[in-house]
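Taking it in order: structure first as structure tokens, then the write-up.
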Amino acid sequence: MKISVKVVPGASRSGIVGWLGEDLKVRIQAPATDGKANGALCEFLASEFGLPTCAVRIASGFSSRKKIVEVDGLSKEALEKSANPPAIQPKSGSCPRITPISANNIRKLEPNTP
């Protein structure tokens, strides 16, 4: 299976961000020097998909942030499961300006009537 990937090298931690249009956006902790981010991308995706490292290789985009990655033995279901991380909910009291959406804090908008 071929996957279009947008890589963000030098991130504070590696992780799958999610879909950005047609591209899978992936943060990689390794810097983009001497191919370190490319190797780290293959290792990271292999571990995320539960595959051996040799099953993941970069087909094109070796020196670009946008890459085409070939993954052997990956099902569409496994890709969707790994590429759609759960939404992060803020802890209560951690940030007073952000409130989780609930039925109690949604204001109903009614049409203007003359």
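The values are calculated or read from the model by the stated rules, or taken from the named source; none is laboratory data. As the structure is a prediction and not an experimental result, all values here were calculated from the model. Please note: Cβ atoms are built from the backbone with ideal geometry, for glycine as well, and neighbour counts cover all protein chains shown.
Meeting the requirement of 2 or more residues that are among the hydrophobic types (A, V, I, L, M, F, W, C), at pLDDT below 90 and touching a His at 6+ places or on another chain (Cβ under 9 Å), no strands (runs of 3 or more DSSP E) wholly within region 1-98 can be named.
Answer with yes or no whether A11 is in contact with a Lys or Arg (Cβ under 9 Å, 6 or more places away or on another chain) and not charged (D, E, K, R). When the stated conditions are applied, A11 passes them.
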